[in-house]
1. Among LEU55, LEU27, which is modelled with pLDDT under 90 and in contact with an Asp or Glu (Cβ under 8 Å, 6 or more places away or on another chain)?
2. Given the conditions (1) open to solvent by 40 Å² or more (accessible area, probe 1.4 Å); (2) at pLDDT below 75; (3) in a strand (DSSP E or B), report the number of the one that GLY17 does not fulfil.
3. Considering each residue of the stretch 90-104, count those that are in contact with a strand residue (DSSP E or B) (Cβ under 7 Å, 6 or more places away or on another chain) and more than 16 Å from LYS51 (Cα to Cα), and give that number.
4. From LEU27, LEU55, LEU37, which residue is in contact with a strand residue (DSSP E or B) (Cβ under 7 Å, 6 or more places away or on another chain), on the phi > 0 side of the Ramachandran plot and open to solvent by 10 Å² or more (accessible area, probe 1.4 Å)?
5. Considering only the stretch 63-86, state which residues are over 15 Å from ARG36 (Cβ atoms), open to solvent by 70 Å² or more (accessible area, probe 1.4 Å) and touching a strand residue (DSSP E or B) at 6+ places or on another chain (Cβ under 7 Å).
6. Being of a type in the set (Asp, Glu) and either part of a strand (DSSP E or B) or without any contact (Cβ under 8 Å) to a residue 40 or more places away in the chain (or both) is the filter; apply it to the stretch 37-91 and report the residue that is nearest to VAL102 (Cα to Cα).
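The values are calculated or read from the model by the stated rules, or taken from the named source; none is laboratory data. Every value quoted in this text rests on a predicted model; they were computed, and no experiment measured them. Here the Cβ positions follow ideal geometry from the backbone for every residue, glycine too, while neighbour counts run over all protein chains shown. Quick note on the areas: whole protein, heavy atoms, side chains included, nothing else; ligands and nucleic acids left out. Shrake-Rupley method; radii C 1.70, N 1.55, O 1.52, S 1.80 Å.
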Amino acid sequence: MVEPTASTHISEGHEGGEQQEERQRVLPEVQIVPHRLLSEKTGMKLVEELKTVGLVSRVAYAGPGDTIGYIWVEVFGFHEKTMERIRAACDKYLPFGYDLSVGRFTKYRKTVSDYIREDMMRRLREKLAELAEKGGEGEEKEKGRR
């Protein structure tokens, strides 16, 4: 069994400036890369079957348009039996071949860029609300003049 590592993130508390310790367990993933892009129909069948494999915490996928090119299976613990079940599902739906890798392929916590993007979006929403409010006041003044 491959033991997941743990990371600790200390952040300012929202109330009273107290610090909160947030422990996040980093779970391993199995990355499935089919040798061909999958139709959404075939890809979703595979995803649904992967969800029934024991010790799976989540299944994610990505690809261009309505196709699937990558599938990530996050597992609670890595066991050979889990890998055998994942291979069996892949053999069933991917007769043209695929590659499997074990590691961590998707984000498990926010990055600095994510925080910056969220802050920019919050400021933009505030500015748009402010402009909409001013615009509404202008329309009311205009109606009062008529």
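1. LEU27 is the lone residue from the list that is modelled with pLDDT under 90 and in contact with an Asp or Glu (Cβ under 8 Å, 6 or more places away or on another chain).
2. GLY17 satisfies every listed condition except (3).
3. Residues that pass the stated criteria total 8.
4. LEU55
5. The answer is PHE76, and nothing else.
6. Only one residue fits best here, namely GLU74.
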